[in-house]
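Quick one: the structure is below, questions incoming.
Read-outs: derived from the displayed coordinates by stated rules, not from any lab. Owing to the predicted nature of the structure, the values given are computational and were not obtained by experimental measurement. Cβ coordinates were reconstructed from backbone atoms using ideal geometry, including for glycine residues, and neighbour counts include every protein chain displayed.
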Amino acid sequence: MARYLVTGGAGFVGSHLVLALLARGDDVVVLDDLSTGHRAAVPAGARLVVGDLANDRIVDALLADGPWDAVFHFAALSLVGESMRAPMRYLRDNSGNGIRLIDACVRHGVSRFVLSSTANIFGSATTPTLAEDAPIEPASAYGESKRMIERALLWAERVHGLRGASLRYFNAAGADPAGRLGEDHRPETHLIPLAIDAALGRGPELTLFGEDYPTPDGTCIRDYVHVHDLADAHLRVLTRLESGGVSYNLGNGAGHSVREVLAAVGDVLGRAVPVRVGPRRAGDPARLVACSDLIRAQTGWRPAFGDLHQIVEHASAWRIAHPDGYGPR
Ligand code: UDP
């Protein structure tokens with residue numbers, strides 16, 4: 001039985017990976033400080049250690065309790081807008097914790113490390129889609145904080161042989177197709193859950209951040225990728241890491257504007273999303289759409305739920321079934 005440590009396994013993407021690992025019969029330990037994650041999001045069958053990644057004693061004790069077949073690192077601050085108000089916090093906490101974790105993995109002989117990275121390491125695209133060789137110009141301090149961890153991972157491989165995968169997610173969305181897990185950020189800042197709440201009358205009208213971008217309808221274009229498909233990519237990458245480190249851009253390759261997402265939410269729920277147009281949000285590039293040819297070719301990954309309506313359907317189903325999300329923390 002393989003054994004994995006998942007930092008941030010109580011968060012949105014991390015919890016879906018834990019579910020996928022458990023479904024294979026793997027042994028999973030989650031390290032999460034529950035500052036943004038939820039105890040109830042950690043699937044039964046995984047062991048939860050509540051602790052802070054910045055605490056070297058906890059991290060060392062966990063890693064010493066090996067052997068570990070791989071470490072998956074999700075735990076991080078992850079909000080573009082917030083990172084532009086508190087850039088130093090993002091660089092200090094995200095990059096600092098990530099680099100210390102990599103260092104600890106090297107010291108404890110972990111051989112594979114999978115980093116949850118982001119499309120925000122790329123500036124706005126000059127080409128229709130972004131492949132791995134697109135210029136890296138983080139649009140926000142959040143993107144920069146992840147890029148710094150990616151760089152540390154390259155050095156850990158070059159000097160110490162730790163094989164690392166940097167998975168640059170585009171816009172993680174959706175929910176477990178079987179309804180066991182979903183998205184519950186507090187405060188919620190992401191487009192799809194906010195639009196669902198606005199349409200259901202559970203939240204305020206949606207503020208659309210800028211309608212003056214150089215895109216066909218003036219709103220930002222993003223590549224929404226299903227959280228189930230992201231989890232599947234992590235499993236495939238583990239095998240691939242046996243032959244060396246990789247960086248992959250992970251998305252469906254289809255761009256949708258904010259207006260198109262709002263229309264999809266309206267269609268799925270049968271109610272229009274109430275919207276008001278506000279100013280741009282700092283750190284938002286006009287267009288981020290993935291070219292994921294490399295991971296497709298090298299691992300056989302294919303999105304099972306690439307259709308925006310399906311993504312919105314799964315997200316809506318979980319939100320309707322869980323009006324209070326994971327409940328009180
Ligand atoms: N967005 C918006 N209003 C909101 C939240 C998001 O207009 O209340 C826009 C945001 O500017 C971006 C897109 O929706 O263009 C996706 O944003 P989200 O925060 O969901 O993900 P991000 O792209 O920051 O990872």
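When the dipole is taken about the Cα centre of the chain, and only Lys, Arg (+1) and Asp, Glu (-1) are charged at their Cβ, what size is it in debye, to the nearest 20? Present the calculation step by step, with values, prior to reporting the outcome.
On the way: 33 positive and 38 negative charges, 75 e Å.
My answer is approximately 360 debye.
With axes computed from alpha carbons, what is the tilt in degrees of helix 96-107 against the longest principal axis of the chain, rounded to the nearest 10 within 0 to 90?
That helix lies at roughly 30 degrees to the long axis.
About its Cα centre, what dipole magnitude does the range 219-261 give when the only charges are +1 on Lys and Arg Cβ and -1 on Asp and Glu Cβ, stated in debye to the nearest 20? Before the final figure, lay out each step's value.
Numbers: 4 positive and 5 negative charges, 18 e Å.
My answer is approximately 80 debye.
Can you give me the relative contact order of the chain as a percent, contacts being Cα pairs under 8 Å and 6 or more apart?
RCO, the chain: 19 percent.
Sticking with this one: Give me the extension gain from residue 69 to residue 50: residue separation times 0.36 nm, minus the current Cα-Cα distance, reported in nm with one decimal.
Contour length minus the Cα-Cα distance gives 4.7 nm.
Long-range amide H contacts for residue 246: which residues qualify at under 5 Å (H placed 1.01 Å from N, peptide plane, sequence gap of 5 or more or a different chain)?
For residue 246, whose amide H was placed from the backbone, the distant partners under 5 Å are 164, 165, 166.
Quick one: what are the phi-derived ³J(HN,Hα) couplings along the range 185-202, Karplus 6.51/-1.76/1.60 with θ = phi - 60°, whole Hz, x for glycine and proline?
9, 10, x, 6, 10, 8, 4, 5, x, 5, 5, 4, 4, 5, 5, 7, x, 8
To continue, here is another question. Compute the distance from the alpha-carbon center of the range 25-45 to that of the range 89-146, in whole Å.
22 Å
Separate question: Mind checking which of 61, 264, 288 is farthest towards the positive end of the chain's charge dipole, using Cβ charges of +1 (Lys, Arg) and -1 (Asp, Glu) about the Cα centre?
So the residue we want is 61.
Given the chain, what percent of its DSSP beta bridges are antiparallel, to the nearest 5?
Around 5 percent antiparallel, to the nearest 5.
Remind me, what semi-axes does the range 231-318 give for its equivalent ellipsoid, largest first in whole Å, using sqrt of 5 times each Cα gyration tensor eigenvalue? Write out the running numbers ahead of the final one.
Working: eigenvalues 195, 60, 20 Å².
Three semi-axes, in Å: 31, 17, 10.
With the cut-off at 1.5 for a/c, could you classify the range 174-262 from its C-alpha gyration tensor as rounded, prolate or oblate?
oblate
For the range 81-128, what does the alpha-carbon gyration tensor say about shape, rounded, prolate or oblate, given a ≥ b ≥ c as the root eigenvalues, a/c under 1.5 as rounded, and a/b over b/c as prolate?
Note, shape of the range 81-128 comes out oblate.
Just going by the charge dipole of the chain, with Lys and Arg at +1 and Asp and Glu at -1 on Cβ, which of 298, 251, 95 is farthest out on the positive end?
The Cα lying farthest towards the positive end belongs to 95.
Then there is this: Take every DSSP beta bridge with both residues inside the range 58-195 and express the antiparallel ones as a percent of the total, to the nearest 5.
10 percent
Follow-up question, since we're still on this one. Report the local net charge at residue 121: Lys and Arg +1, Asp and Glu -1, summed over other residues whose C-beta lies under 11 Å from its C-beta.
Its environment carries a net charge of 0.
To continue, here is another question. Give me the dipole magnitude in Debye, nearest 20, for the range 83-143 about the Cα centre, with unit charges on the beta carbon: positive for Lys and Arg, negative for Asp and Glu.
360 debye
Quick one: Karplus J couplings for the range 226-234, per residue in order, coefficients 6.51, -1.76, 1.60, θ = phi - 60°, nearest Hz, x for Gly and Pro?
Result, ordered by residue: 5, 4, 5, 5, 5, 4, 4, 4, 4 Hz.
Let me ask something else about it. Under a point spin-label approximation (7 Å from Cα along Cα-to-Cβ), what is the residue 280-residue 205 distance to one decimal in nm?
The answer from the label model is 2.4 nm.
To continue, here is another question. Among 190, 165, 154, whose Cα projects farthest towards the positive end of the dipole of the chain, with charges put on the beta-carbon of Lys, Arg (+1) and Asp, Glu (-1)?
Of the options given, the answer is 154.
Using only the alpha-carbon atoms, how far is helix 141-160 inclined from the longest principal axis of the chain? Give it as 0 to 90 degrees, nearest 10.
It is inclined by approximately 30 degrees.
With θ taken as phi - 60° and the coefficients 6.51, -1.76 and 1.60, list the Karplus ³J(HN,Hα) couplings across the range 74-84 in order, rounded to whole Hz; mark glycine and proline as x.
These are the phi-based 3J(HN,Hα) values: 10, 4, 5, 6, 9, 10, 4, x, 4, 5, 7 Hz.
Going by the alpha-carbon gyration tensor, a ≥ b ≥ c the square roots of its eigenvalues, is the range 96-184 rounded (a/c under 1.5) or, if a/c is not under 1.5, prolate (a/b greater than b/c) versus oblate? Could you put the intermediate results ahead of the total?
Numbers: a/c = 2.11, a/b = 1.22, b/c = 1.74.
It comes out oblate by the Cα gyration axes.
Going by average Cβ neighbours within 10 Å, how do the peptides 287-298, 224-235, 9-20 rank, with the highest at the top?
9-20, 224-235, 287-298
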